[in-house]
Amino acid sequence: MFEALMSKIFNKNEKSSREIARDRLKVVLIQDRANISPEIMDHLRDDIIRVISNYMEINKNDMELSLANEDNAVALVANIPVSRMKHGGVRH
């Protein structure tokens, strides 16, 4: 079920405007149920970029971050294109 939802949300095949609007509404409803504002999602995205960038070069423009509903739980779904790994990443 989760994979079907994600393929519907992120599938790049042609969709009708009705399907696109429905998929966007699903994402908004999931974010609302998780009680996460768009501002928090932006901060979360920035934090993930900052941490992952210590270990690898990523394509920030093509990064996708969303929430999905799976079995009465909310899952954070990230698609982060990696250009290359950094050797000897920063350690704290």
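The values are calculated or read from the model by the stated rules, or taken from the named source; none is laboratory data. Not measured: the values here are computed from a predicted model. Cβ coordinates were reconstructed from backbone atoms using ideal geometry, including for glycine residues, and neighbour counts include every protein chain displayed.
Among residues of segment 42-67 that are more than 17 Å from Met85 (Cβ to Cβ), those with a Cβ under 7 angstrom from a residue that is loosely packed, with under 15 Cβ neighbours inside 10 Å and not aliphatic (A, V, I, L, M), sequence gap 6+ or separate chain, pair up as Asp62/Pro81; Glu64/Phe10; Glu64/Asn79.
One residue alone among Leu29, Leu25, Leu44 is part of a helix (DSSP H, G or I) and modelled with pLDDT of 85 or more, and that residue is Leu44. Lys12 meets the conditions (1) surrounded by 12 or more Cβ atoms within 10 Å (Cβ to Cβ); (2) modelled with pLDDT under 75 in every case but one. The failed one is (1). The number of residues in segment 61-70 being surrounded by 13 or more Cβ atoms within 10 Å (Cβ to Cβ) and either modelled with pLDDT of 90 or more or part of a strand (DSSP E or B) (or both) comes to 6. Only a single criterion out of (1) at pLDDT 65 or above; (2) surrounded by fewer than 12 Cβ atoms within 10 Å (Cβ to Cβ); (3) not charged (D, E, K, R) is not satisfied by Tyr55, namely (2).
Among the residues of segment 71-92, those that are in a strand (DSSP E or B) and either at pLDDT 85 or above or surrounded by 12 or more Cβ atoms within 10 Å (Cβ to Cβ) (or both) comprise Val74, Ala75, Leu76, Val77, Ala78, Asn79, Val82, Ser83, Arg84, Met85.
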